[in-house]
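What follows draws every value from the coordinates through simple rules; no lab data is involved. Quick caveat, the model's predicted, so the values are computed rather than measured. FYI the Cβ positions are ideal-geometry reconstructions off the backbone, even for glycines, and counts take in every protein chain you see.
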Amino acid sequence: MPISTESDAAVDNGVYLDWNATAPMRPAAIEAMMAAAERWANPASVHAPGRAASGTLETARETIADVIGVDPRQIIFTGGGTEAATLAMRGVARDRHIVSAVEHAAVRDAVRDREILPVDDDGIVRLGALEAMLTGAPAIVGVMHANNETGVIQPLSDARELIRRAGGLLFADAVQTAGKLDLPEADFVGISAHKLGGPPGVGALIAFDEQNLRAIQPGGGQEGGLRGGTQNLPGIAGFAAAAAALDRDWMPAARTRQRRLEERLIAAGGAIYGAGATRLPNTTLVGMPGVPATTQLMAFDLDGIAVSAGAACSSGKVEASHVLLAMGVDEIAAGEAIRVSTGWSTTDRDVERFASSWETLRRRRRAA
Ligand code: PLP
């Protein structure tokens, strides 16, 4: 069956408050992808079209490097944030792997023999515990810049100092912060295009310590021999165009909306997770006591509002959020949390619609 594109332009995502899952693609990214696709060639080919493709690839690398403030040679393009994490966690020459208890599955499941770094009630890594864990053989440590469920920002400079002193290396998953915050201090940083207005399936590992990295997918030796496989040029061109279009002008308004929203939800009986920590201004994880996340998701969906459960849903079974469990939240409450995440085109009205819908559902469920 042919894939229909006819009706795609008319797709209306309603009130879209699931930006941490994926952000809408910037028009400039779509245009750049189309242009790169029309001038197709393999960037490794030596003929003229190949050289032109290589030029597009290197211009994209320079654009992204410029936006995030790194040397273009430090950028290794990957097939997304997950692959960037896998490359760092498996490709770094260290025998031990430590990951924080609140990591995304991309980092948590990148290696099997991992040691878990605990977090406090707000989801912040316990630096004392980290220091104690680092006394053994040098490790590669995975700690995210900000959490995708709670928005909680980790004290990465302090963590890095401890790790460096112990001869270890830090991988920071910056998938949720790239474009919103400056790049964290780390030896390796992972980013993903589709969280910042580019296409899915493209990302990068920023390797500040390349000599400690070896390819886990050597293939044809692309990306300086660190990631084999023909580069996804249209995707990378879209990634670069999205990066060039980034701004942070929307963030103060997002912070104001977050504060107002959370005040309303708390007044109506909601529990805000990570409230005691510094968080991203676009993320709120809220629990509705007594109402499973799946029930809430369905109710919001009927209201035309797209949000996510803090819980993972696999084969029809809802699992309580590992992030909340690590923060000491009990299993029932951990299965009642909904994540609201906003972005540059979110309006006051969008957030207002969610707040009203949440309050109505809460009232209805209490009356039942
Ligand atoms: N890390 C975090 C914190 C994420 O939120 C995500 C995506 O949800 C990923 C990694 C994975 O990125 P990608 O979808 O590009 O593989």
Could you tell me whether any residue of the stretch 355-367 is outside any helix (DSSP H, G or I), surrounded by 18 or more Cβ atoms within 10 Å (Cβ to Cβ) and out of contact with any Phe, Trp or Tyr (no Cβ under 7 Å at 6 or more places or on another chain)?
-> no
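Taking the condition of being among the acidic types (Asp, Glu) and not in a helix (DSSP H, G or I), how many residues in the stretch 221-255 meet it?
First, pick out the residues of the stretch 221-255 that are among the acidic types (Asp, Glu): 223, 247, 249.
With the extra rule that they be not in a helix (DSSP H, G or I), the set shrinks to 247, 249.
Going through the stretch 221-255 one residue at a time, the tally reaches 2.
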Kindly provide the set of residues from the stretch 75-91 that are buried (at least 24 other Cβ atoms within 10 Å of the Cβ) and either charged (D, E, K, R) or away from the ligand (no atom under 15 Å from the Cβ) (or both), ordered by number.
-> Glu83
Among the candidates Arg227, Arg214, Arg248, which residue alone is away from the ligand (no atom under 16 Å from the Cβ), within 23 Å of Val107 (Cα to Cα) and basic (Lys, Arg)?
-> Arg214
Any residue at all in the stretch 153-162 that is touching a residue at least 40 places away in the same chain (Cβ under 8 Å), surrounded by 22 or more Cβ atoms within 10 Å (Cβ to Cβ), more than 19 Å from the chain's Cα centre (by Cα) and outside any helix (DSSP H, G or I)?
-> no
Single residue of the stretch 15-60 satisfying the filter (outside any loop (DSSP other than H, G, I, E, B), within 20 Å of the chain's Cα centre (by Cα) and not hydroxyl-bearing (Ser, Thr, Tyr)) that is surrounded by the fewest Cβ atoms within 10 Å (Cβ to Cβ) = Asp18
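Please determine, by comparing only the residues of the stretch 185-203 that are more than 20 Å from Arg248 (Cβ to Cβ) and not charged (D, E, K, R), which one is surrounded by the most Cβ atoms within 10 Å (Cβ to Cβ). Spell out how you get there, then give the answer.
Of the stretch 185-203, the ones more than 20 Å from Arg248 (Cβ to Cβ) are 186-188, 190, 199-203.
Imposing the further condition that a residue be not charged (D, E, K, R) reduces the set to 186, 188, 190, 199-203.
Details: Ala186: 26, Phe188: 28, Gly190: 32, Pro199: 23, Pro200: 16, Gly201: 16, Val202: 29, Gly203: 29.
Among them, the one singled out is Gly190.
Could you list, in sequence order, the residues of the stretch 341-354 that are assigned to a helix (DSSP H, G or I) and within 12 Å of Leu261 (Cβ to Cβ)?
Residues of the stretch 341-354 assigned to a helix (DSSP H, G or I): 348-354.
Once the filter is applied, which keeps residues that are assigned to a helix (DSSP H, G or I) and within 12 Å of Leu261 (Cβ to Cβ), the stretch 341-354 yields Asp348, Asp350, Val351, Glu352, Arg353, Phe354.
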Number of the condition not met by Thr82 [criteria: (1) in a helix (DSSP H, G or I); (2) over 15 Å from the mean Cα position of the chain (by Cα); (3) not charged (D, E, K, R)] = (2)
Candidate set: the stretch 94-143, residues that are more than 18 Å from Gly276 (Cα to Cα), within 14 Å of the chain's Cα centre (by Cα) and not small (Gly, Ala, Ser); chosen: the one nearest to the ligand (Cβ to nearest atom) = His104
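Return the residues of the stretch 166-208 that are of a type in the set (Val, Ile, Thr), part of a strand (DSSP E or B) and within 13 Å of the ligand (Cβ to nearest atom); say none if nothing qualifies. Break it down into steps so the answer makes sense when it comes.
Of the residues in the stretch 166-208, the ones of a type in the set (Val, Ile, Thr) are 175, 177, 189, 191, 202, 206.
Still in the running and part of a strand (DSSP E or B): 189, 191, 206.
Listed by number, the residues that qualify are Val189, Ile191.
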If you go through Ala241, Ala268, Ala237, the only one that is in contact (Cβ under 8 Å) with a residue 24 or more places away in the chain, buried (at least 17 other Cβ atoms within 10 Å of the Cβ), touching a helix residue (DSSP H, G or I) at 6+ places or on another chain (Cβ under 7 Å) and under 20 Å from Ala309 (Cα atoms) is Ala268
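Confirm whether Thr295 is part of a loop (DSSP other than H, G, I, E, B), polar (S, T, N, Q) and out of contact with any strand residue (DSSP E or B) (no Cβ under 9 Å at 6 or more places or on another chain).
Working: part of a loop (DSSP other than H, G, I, E, B): no; polar (S, T, N, Q): yes; out of contact with any strand residue (DSSP E or B) (no Cβ under 9 Å at 6 or more places or on another chain): yes.
For Thr295, the condition - part of a loop (DSSP other than H, G, I, E, B), polar (S, T, N, Q) and out of contact with any strand residue (DSSP E or B) (no Cβ under 9 Å at 6 or more places or on another chain) - is not met.
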